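> This is the structure I want to talk about, given as structure tokens.
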Amino acid sequence: MTFYDKLNTAWQKNNSLLCVGLDPEVSKFPKHIQKLDNCIFEFNKQIIDATAEFACSFKPQFAHYAAVGAEDQLQQTIAYIKKNYPDLIVILDSKRGDIGSTAKMYAQESFERYSADAVTVNPYLGKDSLDPFLEYKDKGTIVLCRTSNASAKDFQDIKADGKTVYEKVAEEAVSSWNYNQNVLLVIGATYPEELGKIRKIAPQIPFLVPGIGAQGGDVQAVLKAGLDTNKCGLLINSSRGIIYASNGEDFADVARSEAKKLCEQINQFRN
Ligand code: OMP
């Protein structure tokens with residue numbers, strides 16, 4: 001099974017393009033969860049069980065675990081998803097990027113230590129820094145292309161030979177990096193115009209699109225610009241907008257309602 005096959009299964013499982021971001025911050029948890037041992041895993045578990053029915057993917061963000069020495073709970077979280085929701089994709093969002101010999105260690109960390117299905121990577125160092133990830137044929141390599149933040153333009157919009165850096169990244173993804181059909185691109189939901197340009201360059205590459213919810217991206221604009229010809233091809237991420245929709249005892253129920261609402265909203269614009 002190639003990574004794209006796995007992704008297709010995940011999209012079809014719940015008829016959903018929604019990726020739920022797992023970005024734990026203990027101070028934002030409900031008080032009764034904060035008191036628990038292993039509270040990050042306990043929080044995640046309830047969010048995962050509440051939202052899985054409306055998702056194709058979960059995306060734990062690495063710094064949110066590493067900053068507080070909770071890599072063990074990251075590992076537990078990924079293992080929990082894989083055991084209970086084996087058709088869904090786990091994206092480890094660690095935005096790795098280094099020279100080949102170190103990149104090899106990062107790839108091993110992502111795919112063997114954590115058993116993630118896919119990992120986010122930074123293409124700044126070029127192809128030989130991506131190869132160690134790409135060589136894991138059944139795993140996804142999700143390359144930053146045009147990010148969601150305000151300063152994305154500082155480097156990504158610089159032009160060389162008449163093309164922006166983010167257009168060059170998309171072109172390389174199509175022509176040189178996708179030899180195992182396992183490349184995806186990250187494009188922020190906050191930049192639908194750029195999303196549309198990149199869809200033209202890379203009509204068949206799946207996109208991870210963060211920036212819905214807390215960052216204010218527009219769902220309709222994202223779908224209009226980003227869907228592929230099968231009305232699919234997107235993993236639309238929301239983290240804080242779902243997991244911190246309530247910090248009361250009802251947090252999991254409210255997260256479920258938010259995930260359901262977003263999944264349905266996305267599907268409404270696919271038709
Ligand atoms: P919310 O803004 O809370 O939905 O979180 C967005 C998540 O997506 C965070 O984990 C970010 O680190 C991540 N992200 C972006 O927000 N913008 C990007 O351009 C890329 C990512 C990412 O690679 O996931």
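> Among the residues of region 13-34, is any in a helix (DSSP H, G or I), more than 26 Å from ALA214 (Cα to Cα) and open to solvent by 10 Å² or more (accessible area, probe 1.4 Å)? Explain how you work it out, then say what you get.
Just the residues of region 13-34 that are in a helix (DSSP H, G or I), to begin with: 13, 26-28, 31-34.
If we keep only those that are more than 26 Å from ALA214 (Cα to Cα) as well, we get 13.
Those left that are additionally open to solvent by 10 Å² or more (accessible area, probe 1.4 Å): 13.
Yes.
> Considering only residues that are within 9 Å of the ligand (Cβ to nearest atom) and either in contact with a strand residue (DSSP E or B) (Cβ under 6 Å, 6 or more places away or on another chain) or open to solvent by less than 60 Å² (accessible area, probe 1.4 Å) (or both), which ones fall in region 217-249?
Answer for region 217-249, where residues must be within 9 Å of the ligand (Cβ to nearest atom) and either in contact with a strand residue (DSSP E or B) (Cβ under 6 Å, 6 or more places away or on another chain) or open to solvent by less than 60 Å² (accessible area, probe 1.4 Å) (or both): GLY217, ASN237, SER238, SER239, GLY241, ILE242, ILE243, TYR244.
> Hey, another quick one. Working only within region 48-60, note down all residues that are out of contact with any Gly (no Cβ under 9 Å at 6 or more places or on another chain), within 17 Å of TYR244 (Cβ to Cβ) and open to solvent by less than 10 Å² (accessible area, probe 1.4 Å).
Matches in region 48-60: ILE48, THR51, ALA55.
> Under 19 Å from the mean Cα position of the chain (by Cα), of a type in the set (Ser, Thr, Tyr), surrounded by fewer than 22 Cβ atoms within 10 Å (Cβ to Cβ) and more than 18 Å from ALA225 (Cα to Cα): is that true of SER101 in this structure? Even if it seems obvious, please write down each step before you answer.
On the way: under 19 Å from the mean Cα position of the chain (by Cα): no; of a type in the set (Ser, Thr, Tyr): yes; surrounded by fewer than 22 Cβ atoms within 10 Å (Cβ to Cβ): yes; more than 18 Å from ALA225 (Cα to Cα): yes.
So SER101 does not fit the description; no.
> Right, here's the next one. Out of all the residues in region 231-255, which are assigned to a helix (DSSP H, G or I), closer than 13 Å to GLY21 by Cα and either among the β-branched types (Val, Ile, Thr) or out of contact with any Gly (no Cβ under 8 Å at 6 or more places or on another chain) (or both)?
Residues satisfying the conditions are ILE242, ILE243, ALA255.
> Does LEU185 fit the bill of being in contact with a Cys (Cβ under 8 Å, 6 or more places away or on another chain) and either away from the ligand (no atom under 14 Å from the Cβ) or at negative phi (or both)?
Yes; evaluated as a whole, the condition is true for this residue.
> Only one residue in ALA79, ALA63, ALA67 is at pLDDT 95 or above, of a type in the set (Gly, Ala, Ser), under 15 Å from the mean Cα position of the chain (by Cα) and open to solvent by 50 Å² or more (accessible area, probe 1.4 Å). Which one?
Of ALA79, ALA63, ALA67, the one residue that is at pLDDT 95 or above, of a type in the set (Gly, Ala, Ser), under 15 Å from the mean Cα position of the chain (by Cα) and open to solvent by 50 Å² or more (accessible area, probe 1.4 Å) is ALA63.
> Another question about this same structure. Residue by residue through region 35-68, note down the ones that are acidic (Asp, Glu) and assigned to a helix (DSSP H, G or I). I'd like the intermediate steps shown before the answer.
Applying the first criterion (acidic (Asp, Glu)) to region 35-68 yields 37, 42, 49, 53.
Correct list: GLU42, ASP49, GLU53.
> Moving to a separate point now. When you look at PRO192, is it open to solvent by less than 60 Å² (accessible area, probe 1.4 Å) and more than 13 Å from the ligand (Cβ to nearest atom), yes or no?
yes
The values are calculated or read from the model by the stated rules, or taken from the named source; none is laboratory data. Not measured: the values here are computed from a predicted model. Ideal geometry is used to build each Cβ from the backbone, glycine not excepted, and the neighbour counts take in all protein chains shown. Protein only, heavy atoms only, side chains kept; ligands, DNA and RNA dropped before computing areas. Shrake-Rupley method; radii C 1.70, N 1.55, O 1.52, S 1.80 Å.
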